[in-house]
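**Q** Quick one: the structure is below, and I'll ask about it shortly.
None of the figures in this text is laboratory data; all of them are computed from the coordinates on show. Only a predicted model underlies this, so the values are computations on that prediction, with no experimental measurement involved. A quick note on method: Cβ atoms are made from the backbone with ideal geometry, for glycine too, and the neighbour counts reach across all protein chains shown.
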Amino acid sequence: MTRDKIQLDLEQILQSTHGHAKKMEVKVEKEKFTFACPVCGDSEKDVSRKRAHVLFNRAEPYFHCHHECGSMSMSKFFGHFGVKYVDDVFDFFSGPIKVKQKYTYDPKLMALSEISRLSKHIIEVMRAFRLQNIKPGDDAYKYLESRDLLHVAQYMAYSPSMRRLIIFNTLDEPHYEKQWDETGSKLWRSCQIVGFQARDITGQDKTKYLTYSLEKIVGKCGGIWNPKRGCEDYIRLMAGTYYSTHVNPHKPILVVEGPIDALLLPNCMALTGASKTNKKLDLNPNAQYIFDNDSTGKRKSTELWTRHPNTNKVFDWAGISNAYDTDTIKDINDLWSHCKRSGLEFPDLNKYFL
């Protein structure tokens, strides 16, 4: 259910439950709707008081009332008023991917709720791992500048101790919030973190990427790893697939190897390695793979083509090389930089699937 549909149904509910025009109003903000609670009635003395919210800053919307009702799912909230709530929040498990179900409830929906609860705010993660914002002059800034990636720096940080670029896997799109501090006010980056990769940018470390799971992040931040039983596998799979909660199910979903590549493409998620493919994800009619243009990527592309010929799932790097008269492009970031520096338009990737 879209935000507009939620707002429309909510306004109709408020009109049917409240007798004063002020109590029928919905305050619309980026991360929430605020209104007088129609379940408990909210304040009887102050018609302008609004203590209920529909919150959008997690993997799925949910209802919360500060007065008497507490929190509940959107389906339960709308159910009080005979309105059917259709949850259209997409996770790629709603395709053919399947993890063994251990209980009678739906572990996929449980995982969406649990990953929201377990995720950590970016500020908390940066403090726990002693990370810094990327700023001109440091190694991370120079690397991003050399790769034409400064426009996606909101997804990243820098580890001075490891001299590594940190690429966050975020539950939601990063945004900025105004906060007050001792200097007056400043903008803080805000989003929930479910994992990150630390990329070597010195060229001196044999291990190019270090991957930090949500479980490790929760522990480092002083939390307890206690997902509800039955959905643990889904949480690990979702948290290990970068930006899987961002994609739109009604459009082709691009699946790449690395999170940086995923940040450069629309409706894209990253597997963090060609070896992490799932044969059942291959069957998802919306999934299209862009493996790296290297020996491993070519092998995985051949395997995928052999299993699913003529399905527009495999990316044709040879076609790109011919179109741009170069054989040095090995991934999407290379293609992005090549186009930017050559003054060329970034290609319509839909034309290069086999």
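**Q** Please give the length that would be gained between SER337 and THR311 if that part of the chain were fully extended, namely 0.36 nm times their separation in residues minus their C-alpha to C-alpha distance (nm, one decimal).
**A** Numbers: separation 26, 0.36 × 26 = 9.36 nm, distance 2.88 nm.
That works out to 6.5 nm of additional length.
**Q** With a Förster radius of 51 Å, plug the Cβ-Cβ distance of SER16 and GLU182 into 1/(1 + (r/R0)^6) and report the FRET value to the nearest 0.05.
**A** Working from the Cβ atoms, E equals 0.60.
**Q** As I understand it, the value is the acute angle between the Cα axis of helix 3-17 and the longest principal axis of the Cα atoms of the chain; what does it come to in degrees, rounded to 10?
**A** 10 degrees
**Q** Additional query: Amide H to amide H, which residues 5 or more places from TYR62 or on other chains are under 5 Å from it, using H placed in the peptide plane?
**A** LEU55
**Q** Could you size up the charge dipole of the chain around its Cα centre, putting +1 on the beta carbon of Lys and Arg and -1 on that of Asp and Glu, and report it in debye to the nearest 20?
**A** On the way: 51 positive and 44 negative charges, 173 e Å.
Approximately 840 debye in magnitude.
**Q** Residue separation times 0.36 nm, minus the C-alpha to C-alpha distance between SER146 and TRP225: what's the value?
**A** The SER146-TRP225 span can extend by a further 24.6 nm.
**Q** Cross-link candidates for LYS50: which lysines have Cα within less than 25 Å, leaving aside residues fewer than 8 places away along the same chain?
**A** Candidates past the 8-residue exclusion: LYS5, LYS22, LYS23, LYS27, LYS30, LYS32, LYS76, LYS84, LYS178.
**Q** Please get the size of the charge dipole for region 246-301, origin at its Cα centre, with Cβ charges of +1 on Lys and Arg and -1 on Asp and Glu, quoted in debye to the nearest 20.
**A** In debye, rounded to 20, region 246-301 gives about 240.
**Q** Using the charge dipole of region 3-79 (Lys, Arg: +1 at Cβ; Asp, Glu: -1 at Cβ; taken about the Cα centre), state which of LEU10, MET72, PHE33 has its Cα farthest towards the positive end.
**A** PHE33
**Q** In nm, what is the difference between 0.36 nm times the number of residues separating ASP139 and ASP4 and their Cα-Cα distance?
**A** On the way: separation 135, 0.36 × 135 = 48.60 nm, distance 4.34 nm.
In short, 44.3 nm is gained.
**Q** Can you list, largest first and rounded to whole Å, the semi-axes you get for the chain by taking the square root of 5 times each eigenvalue of its Cα gyration tensor? Write out the running numbers ahead of the final one.
**A** Numbers: eigenvalues 309, 129, 79 Å².
In descending order the semi-axes read 39, 25, 20 Å.
**Q** Checking the cross-link filter: which lysines have an alpha carbon closer than 19 Å to that of LYS220, excluding same-chain neighbours under 8 positions apart?
**A** Reachable lysines: LYS120.
**Q** Turning to a different aspect of this structure: Label points 7 Å out from Cα along the Cβ direction at LYS27 and SER48: separation in nm?
**A** 1.1 nm
**Q** Starting from the Kirkwood Rh over alpha-carbon pairs, what translational D in µm² s⁻¹ does region 106-253 have by Stokes-Einstein at 10 °C and 1.306 mPa s?
**A** It comes out at roughly 96 µm²/s.
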